[in-house]
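Down below is the structure, laid out as structure tokens.
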Amino acid sequence: MKVLFVIAPDRYREEEFKVTSGIISEAGIEYDVASTKEGTCIGMTGGEQEANLKISDASEKDYDALILIGGLGTRDFLWADDDLCKLTKEFGEAGKVVAGICLAPVIMARAGVLKDRQATVFEFPASLKLLEDGGANYVNIPVVSDMNIITANQPVASEKFAEAILEKLGC
């Protein structure tokens, strides 16, 4: 089993990535990390993570799940990324697990995978409006699982977010 993490090239939430990827790894699941560029990505507190591929080079067929990490960079670099929107839609249409935390559920809404689904997001006017525009039913709780879709609202929900992903993957 293998999953794809997507992080912003700058200002991603390190703890969301570290906690989630750590739990995924402990379960024996391999992962790749994609961003808008290959190489070193810088977190909101100065941490670093290597992206081993560009989003535009990733293929849904190579993975069992898509995990979108949040942070302010998600809004600035990923919300409007057409390649990521297309990839997210492909995962959703394939019935694979699509998960987003913090500000990342907006990407899922834009891709149409949250239409008529319950979801949460880091609460801020733009993120709430974009979730609504994408047809999601907003729920103000830390983690929401709705069929193959998992959303979480903030970094402190990272552990429960990862556990929900493992549950959907049957681990």
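Listed residues A99, A104; which is farther than 14 Å from W79 by Cβ, buried (at least 21 other Cβ atoms within 10 Å of the Cβ), in contact with a helix residue (DSSP H, G or I) (Cβ under 6 Å, 6 or more places away or on another chain) and among the aliphatic types (A, V, I, L, M)?
Matching residue, one of A99, A104: A99.
For the range 99-119, which residues satisfy the criterion of being of a type outside the set (A, V, I, L, M), more than 12 Å from the chain's Cα centre (by Cα) and part of a loop (DSSP other than H, G, I, E, B)?
G112, K115, D116, R117
Would you mind finding the one in E60, E48, E30, E14 that is modelled with pLDDT of 95 or more, touching a Lys or Arg at 6+ places or on another chain (Cβ under 6 Å) and not polar (S, T, N, Q)?
That would be E30, the only listed residue that is modelled with pLDDT of 95 or more, touching a Lys or Arg at 6+ places or on another chain (Cβ under 6 Å) and not polar (S, T, N, Q).
Condition check: without any contact (Cβ under 8 Å) to a residue 24 or more places away in the chain, out of contact with any Asp or Glu (no Cβ under 6 Å at 6 or more places or on another chain), under 27 Å from K2 (Cβ atoms) and among the β-branched types (V, I, T). Does V139 satisfy that?
No; evaluated as a whole, the condition is false for this residue.
Which residues, counting only those in the range 135-171, are assigned to a loop (DSSP other than H, G, I, E, B), surrounded by 16 or more Cβ atoms within 10 Å (Cβ to Cβ) and among the polar types (S, T, N, Q)?
Across the range 135-171, the qualifying residues are N148, N153, Q154.
Quick one: count up the residues across the range 112-129 that are within 21 Å of K86 (Cβ to Cβ), surrounded by fewer than 23 Cβ atoms within 10 Å (Cβ to Cβ) and among the small types (G, A, S).
Number satisfying all stated conditions: 1.
I'd like the full set of residues that are under 14 Å from the mean Cα position of the chain (by Cα), over 16 Å from F17 (Cβ atoms) and part of a strand (DSSP E or B), limited to the range 39-97.
Selection gives V97 alone.
Taking the stated definitions as given, is E132 part of a helix (DSSP H, G or I) and surrounded by fewer than 16 Cβ atoms within 10 Å (Cβ to Cβ)?
yes
Do you know which residues across the range 64-90 are under 21 Å from K37 (Cβ atoms) and surrounded by 23 or more Cβ atoms within 10 Å (Cβ to Cβ)?
L66, I67, L68, I69, G70, G71, G73, T74, L78, L84, L87, T88 - these are the residues of the range 64-90 that are under 21 Å from K37 (Cβ atoms) and surrounded by 23 or more Cβ atoms within 10 Å (Cβ to Cβ).
Read through the list (1) part of a helix (DSSP H, G or I); (2) in contact with an Asp or Glu (Cβ under 6 Å, 6 or more places away or on another chain), then give the number of the only condition that G22 fails.
Checking G22 against (1) part of a helix (DSSP H, G or I); (2) in contact with an Asp or Glu (Cβ under 6 Å, 6 or more places away or on another chain), the one that fails is (2).
Take the residues in the range 6-38 that are over 19 Å from F122 (Cβ atoms) and touching a Pro at 6+ places or on another chain (Cβ under 8 Å), then tell me which one is surrounded by the most Cβ atoms within 10 Å (Cβ to Cβ).
Result: S35.
The values are calculated or read from the model by the stated rules, or taken from the named source; none is laboratory data. Remember, it's a predicted structure, so these values are computed and weren't measured experimentally. No Cβ is skipped: glycine too gets one built from the backbone with ideal geometry, and neighbour counts run over all protein chains shown.
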